[in-house]
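Report on the following structure.
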Amino acid sequence: LRASGYRVGLYTSPHLVSARERIQVDRRPISEAGFAEGMTVVRRAVGERQDHEATFFELMTALALWHFAREKVDWVVWETGLGGRLDATNIVRPEISIITNIGLDHQQYLGESLRDIAAEKAGIIKPGVPVISAVESGEAADVIRECAKAENSALTLVNRDMDVLDLGLRGSKQFARIDGHEFALGLIGPHQVSNAACAVETMRQLKISEAAVSRGLAGIVWPGRFEILSEKPL
């Protein structure tokens with residue numbers, strides 16, 4: 001999206017060094033002054049409510065909404081914090097919902113089985129909003145198909161509807177062929193191939209040019225995420 005010239009908000013978790021990393025516009029974290037001003041607004045709003053004790057993540061999500069509105073961004077990429085159905089980010093009605101994969105994580109909150117966890121994560125699917133997923137076949141994929149059908153949401157499953165091939169690592173970049181087009185990925189690891197396929201299909205549905213998608217995927221920098229600090233020695 002940024003490679004197409006859009007002004008883009010990004011909400012992710014957790015952070016590596018500063019909580020401000022969670023709220024970014026064009027990959028620039030919210031400033032210390034902006035964080036303080038926004039949190040003052042949010043705390044005042046929360047203080048006026050007697051029916052709910054806000055969590056840290058809910059406060060941060062509210063701060064992100066305030067910041068992105070003030071910055072007048074064109075798009076926001078929201079990463080769900082935990083699960084989906086009851087996550088604070090689920091108040092947003094998206095243009096597209098993406099469920100990359102599902103594993104046995106946070107079982108004390110999301111359920112013991114893949115089916116239970118998939119049901120929680122599929123809670124982000126909204127009526128009529130397209131869904132893209134790299135979930136493998138099995139009960140988790142079955143749940144996503146069922147939820148998408150129930151919400152009348154067009155579903156693209158990477159492993160069913162796309163031609164994706166891992167081309168391996170070359171230097172500091174992962175390479176993949178997705179529906180006949182080769183892409184260099186700034187994030188390395190075989191798992192990033194299916195993630196990239198989700199991104200490619202998302203941008204295709206949003207009418208973003210392939211040239212911008214190529215630049216965006218190749219230019220990703222994410223400190224601490226299988227980051228290569230030296231090639232000789234590796």
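Longest exposed-loop-site-free stretch of the chain, with trypsin sites (Lys or Arg not before Pro), DSSP loop and at most 16 other Cβ within 10 Å?
Maximal segment without exposed cleavage sites: 86-206.
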- Quote the charge dipole size of the range 1-110 about the Cα centre in Debye, to the nearest 20; the model charges only the Cβ of Lys and Arg (+1) and of Asp and Glu (-1). 280 debye
- Query: What full-extension length gain, to one decimal in nm, is calculated for LEU104 and ALA211 as 0.36 nm per residue of separation minus the Cα-Cα distance?
  - Reply: 34.9 nm
- Item | Cα-centred dipole magnitude for the range 168-234, charges only on beta-carbon of K, R (+1) and D, E (-1), debye, nearest 20 | 80 debye
- Query: Hey, in the GNM for the chain with a 10 angstrom Cα cutoff, which one of THR89, THR12, THR100 fluctuates hardest?
  - Reply: THR12
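Using DSSP, restrict attention to beta bridges with both residues in the chain and report what percent are antiparallel, rounded to the nearest 5.
60 percent
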- Query: Modelled label-to-label distance, LEU165 and GLU95, 7 Å Cα→beta-carbon offset: nm?
  - Reply: 3.1 nm
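Given +1 on the Cβ of Lys and Arg, -1 on the Cβ of Asp and Glu, and no further charges, what dipole in debye does the range 17-70 carry about its Cα centre, rounded to the nearest 20?
Charge dipole, the range 17-70, about its Cα centre: 200 debye, nearest 20.
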- Choose one answer from VAL131, VAL164, VAL92: the residue with the largest mean-square fluctuation in a GNM of the chain with alpha-carbon springs under 10 Å. VAL92
- Around MET162: net Lys/Arg minus Asp/Glu count, Cβ-Cβ under 11 Å: -1
- Task: Tell me the chymotrypsin sites (Phe, Trp or Tyr not before Pro) within the range 1-64 that lie in a loop according to DSSP and have at most 16 other beta-carbon atoms within 10 Å.
- Result: TYR6
- Residue order for PHE175, PHE226 - accessible surface, 1.4 angstrom probe, largest first: PHE226, PHE175
- Tell me which residues come under 5 Å, amide H to amide H, from VAL129 once H is placed; ignore anything under 5 positions away on its chain. none
- Query: Based solely on its DSSP helices, what 222 nm [θ] is calculated for the chain when runs of n ≥ 4 H residues each add -39,500 (n - 2.57) and the sum is averaged over all residues, nearest 500 deg cm²/dmol?
  - Reply: -10500 deg cm²/dmol
- Per-residue SASA entry for MET39, accessible area with 1.4 Å probe, Å² rounded to 10: 30 Å²
- Message: As a test question: what accessible area, to the nearest 10 Å², does LEU114 have when a 1.4 Å probe is rolled over all protein chains in place?
- Response: 60 Å²
- Task: With springs connecting C-alpha atoms under 10 Å apart, model the chain as a Gaussian network and identify which of GLN50, GLN107, GLN192 has the largest mean-square fluctuation.
- Result: GLN50
- Task: At a Cα cut-off below 16 Å, give the lysines reachable from LYS121, other chains included and same-chain residues fewer than 8 away excluded.
- Result: LYS149
- On average, how much accessible surface per residue is there in the chain, in Å², for a 1.4 Å probe, leaving out ligands, DNA and RNA? 56 Å²
- The FRET efficiency for ARG85 and VAL221, from their Cβ-Cβ distance with R0 = 25 Å and rounded to 0.05, is 0.20
- Within the range 1-81, GluC sites (Glu not before Pro) in DSSP loop having at most 12 other beta-carbon neighbours inside 10 Å: GLU48, GLU53, GLU79
- Query: Straight-line reach from LYS232: which lysines have Cα under 18 Å away, leaving out those fewer than 8 places along the same chain?
  - Reply: LYS173
- Item | Spin-label pair ARG43/SER18, simplified geometry with 7 Å Cα→Cβ offset, distance in nm | 1.8 nm
- For the range 105-153, state the semi-axes of the equivalent ellipsoid (square roots of 5 times the eigenvalues of the alpha-carbon gyration tensor), sorted largest first and rounded to whole angstrom. 19, 11, 8
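The values are calculated or read from the model by the stated rules, or taken from the named source; none is laboratory data. Keep in mind that what you see is a predicted model, and the values were worked out from it rather than measured. Because the Cβ atoms are built from the backbone with ideal geometry, glycine has one as well, and the counts that use them run over all protein chains shown. Note: accessible area is taken over every heavy atom of the protein model, side chains too, but ligands, DNA and RNA are not part of it. Shrake-Rupley method; radii C 1.70, N 1.55, O 1.52, S 1.80 Å.
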